[in-house]
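Heads up, the thing below is written out as structure tokens.
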């Protein structure tokens, strides 16, 4: 991997074009729509401080056109398998009238002042940047048309861009974009109000399938450069012995045996950081060597003594008792509609259940890895990070440098799922390069490091109660959710879910129930808690959708019909009326909770799955439907449970409504991945702690789904939508309905309720 700056184009103002484009041999456009195309109708997004000036505005996006007629799009969102490098580029290419085979992509380095927010999380890359990308492409197209009109000395109304050429309608004359590049850069950038977008009926690539994946050929051929693939001249390799317990510190060490390992060059201590951990490295001892194997063997030879610190007694089994006590007593009320407490106390038919989900590790295919080099007072970092700017900020602080002296090159990510939003591993590489007088150092995390030193999805216990009326429908509903908050990683003493966490599938349930009471107990964190794919929707979705199925059966009703009646007729609900003041950071006016769309995915999934058909013995269908990240998903899973409890999954039907699908192939790929990941977590995902230490270490005891366990068929059903509907998220919303649909199917097949995850590949150890 070269040490060049992959996003080195310089920005321009709204009314000028860079003269520096000549350095690229062509035309470069960068729009910072800070004066005209501001998302003024939206409230501040969560994480809004990551935008320039702390306000929400469209990011800077680049287009470069070269004399050889190639088009380069700079993409500012990291690629971790979701296809965003392709999807954002094809939006620009479509509005630009570029020829897709001649479009190339370069990855932007970390630079908030140029690009705005580069953090890839919250299923919002396309949701937030579809419109800005369209405007960038359209403005570039208009400038090329103006250049052609000036060249031919005709009105611009007589010319039109078409497949990377500008055509004069009257004479049929044509000029390629490469021929027009120099003239185009001398045109004025259109005012935002004058930018002319395509009618969606004219789209060539947007909304179409079978678009070439920008990185596809390189990934298949092994040419794609991930963080783990970085190679620099004179590079050293490092592994780190980190404290096994959060907050632990090194007391003393003996490196004599480690230094005797052939290939080991040096042992360096990384200072610990006081809690809360935030993005900082955990500290420990790094072994630097000429190759990774020597570094690993050197680490094994270290003699270390640790002070395990304040979390030395953390035991996840004992912590379950803390969660149980928390959910069985009154707690902080976040939504109180009617008088649920009185109705529940007096009800003649009351249903109660608790659902447990353990801590989870991300276990992405590529473990964390980062390379740093310091030269002439400048630090460069190559890393697979979801949060480039946070990475730059961390390295700047750790090295005591100015921000302008730190460059972060974002590589491809071999999976992320939220883990690589935490750049502690990049900080380690920077500190070690400094210790080695600026020599390039690559820090490698082994799979054991990855699983035992992760930022975990918090363990959760969900307590639900319902009082049923004479018609079997709920008169009252109580839900207490006990889980540590992600805020504990950043703020000392933070306990209990906040509005961004309980607003994920708990406070915003759209059910027609007259009396609802929702409570959040205070629960401490004893491990690093971090963002995880779909985050708190996992626990809330599992509990709520499992409980709806239980209540339906208690009422003697079909779960599909019961859920539809519980949701009620189509209506658009202001989330604030459901005590959801967050709404995933989006405008409640532009993005209400639409029960018609929720009903739509339930009806589609159940119809496609043949809901109500006769099932063979030991087979069952389970339904679950969730709303998250402005999208709607419903899953129907068919299971077969053998005589000895062996669990197989013949088929999954997943209906999905994210509004318009910009790149349908990538939407399908994300949903297939969410299905497999959701089943993996439901069947195998469990991190346990004893004496503060994670007990799992690799895929032998933190298993992922094997091919033999995977569904025989995954059928995806995308709900149609026009581009007049706001976009929803895609990366995360397919995950939450999977576990409850699976467990509801097991009940349909066996009559046994699963209220505790993971299930395992057999049901022999599960109890109702």
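The table that follows gives values for the structure above.
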{"item": "Residue check, residue 534 buried (at least 22 other Cβ atoms within 10 Å of the Cβ), more than 21 Å from the chain's Cα centre (by Cα) and touching a residue at least 12 places away in the same chain (Cβ under 8 Å)", "result": "no"}
{"item": "From the options 699, 723, residue that is part of a loop (DSSP other than H, G, I, E, B) and under 25 Å from residue 454 (Cα atoms)", "result": "699"}
{"item": "Pairs, first at positive phi in region 306-321, second assigned to a loop (DSSP other than H, G, I, E, B) and buried (at least 17 other Cβ atoms within 10 Å of the Cβ), C-beta under 7 Å, six or more apart", "result": "309/245; 309/247; 309/248"}
{"item": "Region 415-435, residues that are out of contact with any helix residue (DSSP H, G or I) (no Cβ under 7 Å at 6 or more places or on another chain) and either surrounded by fewer than 21 Cβ atoms within 10 Å (Cβ to Cβ) or at positive phi (or both)", "result": "415, 417, 418, 435"}
{"item": "Region 169-186: number of residues that are within 15 Å of residue 64 (Cα to Cα) and either surrounded by fewer than 22 Cβ atoms within 10 Å (Cβ to Cβ) or touching a strand residue (DSSP E or B) at 6+ places or on another chain (Cβ under 6 Å) (or both)", "result": "10"}
{"item": "Residue match in region 216-227 (condition: surrounded by 13 or more Cβ atoms within 10 Å (Cβ to Cβ) and in contact with a helix residue (DSSP H, G or I) (Cβ under 6 Å, 6 or more places away or on another chain))", "result": "yes"}
{"item": "Check on residue 472, in contact with a helix residue (DSSP H, G or I) (Cβ under 9 Å, 6 or more places away or on another chain) and at positive phi", "result": "yes"}
{"item": "Unique match (being outside the structural domain of residue 526 (by TED's automatic domain parsing) and on the phi > 0 side of the Ramachandran plot) among 298, 263", "result": "263"}
{"item": "Qualifying helices (runs of 4 or more DSSP H) (wholly inside region 65-161; at least 2 residues being free of Cβ contacts under 8 Å to residues at least 24 places away in the same chain and touching a strand residue (DSSP E or B) at 6+ places or on another chain (Cβ under 9 Å))", "result": "125-152"}
{"item": "Among the candidates 280, 314, residue that is out of contact with any strand residue (DSSP E or B) (no Cβ under 9 Å at 6 or more places or on another chain), buried (at least 20 other Cβ atoms within 10 Å of the Cβ) and within 30 Å of residue 689 (Cα to Cα)", "result": "280"}
{"item": "Some residue of region 654-675 being farther than 30 Å from residue 724 by Cβ, buried (at least 18 other Cβ atoms within 10 Å of the Cβ) and in the same structural domain as residue 540 (by TED's automatic domain parsing)", "result": "no"}
{"item": "Condition met for residue 729 (modelled with pLDDT under 95, assigned to a loop (DSSP other than H, G, I, E, B) and in contact with a strand residue (DSSP E or B) (Cβ under 9 Å, 6 or more places away or on another chain))", "result": "no"}
{"item": "Selected residue (only one of 207, 248, 216, 178 is under 39 Å from the mean Cα position of the chain (by Cα) and not assigned by TED's automatic domain parsing to the domain that holds residue 81)", "result": "248"}
{"item": "Options 426, 430, 439, 466; residue that is modelled with pLDDT of 95 or more and either closer than 30 Å to residue 583 by Cβ or assigned by TED's automatic domain parsing to the domain that holds residue 326 (or both)", "result": "466"}
{"item": "Among the residues listed as 349, 303, 332, the single one being at pLDDT below 95 and touching a strand residue (DSSP E or B) at 6+ places or on another chain (Cβ under 8 Å)", "result": "349"}
{"item": "Single unsatisfied condition, residue 166 versus (1) surrounded by fewer than 21 Cβ atoms within 10 Å (Cβ to Cβ); (2) modelled with pLDDT of 95 or more; (3) not in a loop (DSSP other than H, G, I, E, B)", "result": "(1)"}
{"item": "Filter result for residue 749 (touching a residue at least 60 places away in the same chain (Cβ under 8 Å), assigned to a helix (DSSP H, G or I) and over 30 Å from residue 594 (Cα atoms))", "result": "yes"}
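The values are calculated or read from the model by the stated rules, or taken from the named source; none is laboratory data. From a predicted model like this one, the values you see are computed outputs, not experimental measurements. Heads up, the Cβs are rebuilt from the backbone with ideal geometry, glycines too, and the neighbour counts pull from every protein chain shown.
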